[in-house]
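The values are calculated or read from the model by the stated rules, or taken from the named source; none is laboratory data. Please read these numbers as outputs of a predicted model, since none were measured by experiment. Ideal geometry is used to build each Cβ from the backbone, glycine not excepted, and the neighbour counts take in all protein chains shown. Protein only, heavy atoms only, side chains kept; ligands, DNA and RNA dropped before computing areas. Shrake-Rupley method; radii C 1.70, N 1.55, O 1.52, S 1.80 Å.
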Amino acid sequence: MKKTEFARRRRQLMRMMGRDAIAIVPAASIKQRNNDVDYHYRQDSDFQYLTGFDEPEAVAVMVPGRPQGEFVMFVRDRDPARETWDGARAGPDGVEADYGADHGFPVADIDEILPGLLERCSRVYYTMGVHPEFDQRVFGWVNGLRAQAKKGLHTPQEFVALDHLLHEMRLFKSRPELDAMRRAGAIGAQAHRRAMKLAAPGRMEYEVMAEILHEFHRNKADISYHPIVGSGPNACVLHYHANDRQMKDGDLLLIDAGCEFDYYASDITRTFPVNGRFTPAQRAVYEVVLAAQHAAIEKTRPGNHWNEPHEAAVKVITQGLVKLGLLKGKVPKLIKDESYKKFFMHRTGHWLGMDVHDVGEYKVGEEWRLLEPGMVMTVEPGIYIPRGTKGVSKEWQGIGIRIEDDVAVTKGDPEVLSDRVPTDPDEIERLMQAA
Ligand code: GLY
Ligand code: MN
Ligand code: MN
């Protein structure tokens, strides 16, 4: 992402905040894994969105209209001894030179400097509850000023939820963001192709996961969530994560795996037969899920409301379940009383962006919001028939299928960002047999 993109976002945010206001955004904190070892650091999405700065222990501050400079950053000081262990730091000078900060200060000095910035502002834009320890420091600074209000100091009067503004901005993806998401989709799709080629009876689920991870990392991407590699009965476990079963002839394999490239996620699911050939029962269920996915994607158009793709998927799945004999009754009634939920118990999608379940409201007041160009969502219907499901003939039992793609709403047709791995069952069989 270019520097100009981060500058554009800050300008847009500050325009919405107006004068007499300040925004305070802390970096993600470091999470300890165990003695002396931390989890791999991943920057907070809001902080990254506004700064492009990936170091911990930093605070970004924006003060629209401040004559000495609107964008202030507090960051770790340079420290040659620490940098020998942990790598280079930008330092206060570095954020001025390379990250567009008007002023960079050592984060160790924040208690002395930040109250002075707050003093001029009535409204404090801040997201509460995400960084509880930092919340206390912000309250401390504000209360410290209020205590001095009698001396005639101008003090902040109002806390405003920053996330309302910021998450609304993040919901609409700019051109560079869509480019990053296309790349995340392409790398993710390629990883799924490799998984299809590698999977075979006798292989372990974790071997397939390793193949996927290899494709991510060789492209400078990381996981956007822990991959689900569920074969046989595990395909029906929605959040399966052990990935340690040996695959058997006749199994389906459900893989839900996506990557994060330059802070943007893909989220992709494919389901295919481990031996490269769908059984007639597997194919029959698969074709219902695929038709539901196509119907839902067709609805991801501007002017339709958020729930229309889901409603389209529910209709096709319910019709299919009746046709297969898995549900009995009239389709409208089965939809109304939610009988389909026995086999399709999750929603058809979610916003996608820097976070895999991305930020952004799904409703405006009581109403589903309308889709607009620049929004990106997943479309992921499924049918799950665990072994032992009552009232279901043996031939269907153990089948679990989900098909998930990432779809950008455009002025024209929906753009499927993850379409470089097939969903068509014949194409999947051909790809696997060519392996
Ligand atoms: N991989 C998480 C989801 O599909 O929502
Ligand atoms: Mn998924
Ligand atoms: Mn998803």
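If you take the residues in segment 62-109 that are small (G, A, S) and assigned to a helix (DSSP H, G or I), which one is farthest from R9 (Cα to Cα)? So that I can check it myself, show each step before the final result.
Kept after step one, since they are small (G, A, S), are these residues of segment 62-109: 65, 69, 81, 87-88, 90-91, 94, 97, 100-101, 104, 108.
From the residues that got through so far, the ones that are assigned to a helix (DSSP H, G or I) too are 81, 91, 94, 97, 108.
Numbers: A81: 35, G91: 23, G94: 20, A97: 19, A108: 27 Å.
That would be A81.
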field: Residues (assigned to a helix (DSSP H, G or I), over 10 Å from Y99 (Cβ atoms) and not acidic (D, E)) located in segment 39-56
entry: S45, F47, Q48, Y49, L50
task: All but one of (1) part of a loop (DSSP other than H, G, I, E, B); (2) over 23 Å from L326 (Cα atoms) hold for E429, so report the exception by its number.
output: (1)
- line: The residue that is farthest from ligand 3 (Cβ to nearest atom), considering only those in segment 341-375 that are in a loop (DSSP other than H, G, I, E, B) and among the acidic types (D, E), is E366
query: Among the residues of segment 222-254, which ones are within 16 Å of ligand 1 (Cβ to nearest atom), acidic (D, E) and crowded, with 18+ Cβ neighbours inside 10 Å?
result: none
- line: Picked from segment 390-408 (must be part of a loop (DSSP other than H, G, I, E, B) and out of contact with any helix residue (DSSP H, G or I) (no Cβ under 8 Å at 6 or more places or on another chain)), the residue nearest to I297 (Cα to Cα) is Q397
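Quick one: would you say W306 is among the aromatic types (F, W, Y) and more than 26 Å from V237 (Cβ to Cβ)? Before the answer, list the steps.
Numbers: among the aromatic types (F, W, Y): yes; more than 26 Å from V237 (Cβ to Cβ): yes.
For W306, the condition - among the aromatic types (F, W, Y) and more than 26 Å from V237 (Cβ to Cβ) - is met.
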- line: With the first residue restricted to segment 344-364 and required to be free of Cβ contacts under 8 Å to residues at least 24 places away in the same chain, and the second required to be within 15 Å of ligand 2 (Cβ to nearest atom) and outside any strand (DSSP E or B), Cβ contacts under 7 Å at 6 or more apart or on different chains are H357/H350
- prompt: Only one residue in K411, K390 is away from ligand 3 (no atom under 16 Å from the Cβ), modelled with pLDDT under 95 and of a type in the set (D, E, K, R). Which one?
  reply: K390
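State which residue is nearest to R8 (Cα to Cα) when the search covers only segment 138-185 and only residues that are in a helix (DSSP H, G or I) and acidic (D, E). Full working, then the answer.
Our first condition is that a residue be in a helix (DSSP H, G or I); within segment 138-185, this holds for 138-147, 149-151, 162-171, 175-185.
Subsequent filtering for residues that are acidic (D, E) retains 163, 168, 177, 179.
Values: D163: 18, E168: 15, E177: 13, D179: 17 Å.
Looking at the filtered set, the residue picked out is E177.
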message: Need the failing condition index for I317 against (1) of a type outside the set (D, E); (2) closer than 29 Å to Q48 by Cα; (3) surrounded by 21 or more Cβ atoms within 10 Å (Cβ to Cβ), just the number.
response: (2)
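Looking only at segment 337-376, how many residues end up being within 16 Å of ligand 1 (Cβ to nearest atom) and open to solvent by 50 Å² or more (accessible area, probe 1.4 Å)? Steps first, answer last, please.
Within segment 337-376, the subset within 16 Å of ligand 1 (Cβ to nearest atom) is 344-360, 362, 376.
Among the residues that remain, those that are also open to solvent by 50 Å² or more (accessible area, probe 1.4 Å) are: 345, 347, 357, 362.
Result for segment 337-376: 4.
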- request: Please determine, by comparing only the residues of segment 255-273 that are over 11 Å from the mean Cα position of the chain (by Cα) and either near ligand 3 (Cβ under 10 Å from one of its atoms) or more than 13 Å from R193 (Cα to Cα) (or both), which one is surrounded by the fewest Cβ atoms within 10 Å (Cβ to Cβ).
  value: D262
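What residue, among those in segment 9-36 that are among the polar types (S, T, N, Q) and in a strand (DSSP E or B), is surrounded by the fewest Cβ atoms within 10 Å (Cβ to Cβ)? Working first, answer last.
In the first step, residues of segment 9-36 are kept if they are among the polar types (S, T, N, Q); the result is 12, 29, 32, 34-35.
Filter again for in a strand (DSSP E or B), leaving 32, 34.
Working: Q32: 10, N34: 7.
Restricting to residues being among the polar types (S, T, N, Q) and in a strand (DSSP E or B), the top hit is N34.
For the condition touching a helix residue (DSSP H, G or I) at 6+ places or on another chain (Cβ under 6 Å) and either closer than 27 Å to Y263 by Cα or of a type in the set (D, E, K, R) (or both), what is the one hit in E205, E215, E177?
Details: E205 fails: touching a helix residue (DSSP H, G or I) at 6+ places or on another chain (Cβ under 6 Å); E177 fails: touching a helix residue (DSSP H, G or I) at 6+ places or on another chain (Cβ under 6 Å).
Testing whether each residue is touching a helix residue (DSSP H, G or I) at 6+ places or on another chain (Cβ under 6 Å) and either closer than 27 Å to Y263 by Cα or of a type in the set (D, E, K, R) (or both) leaves just E215.
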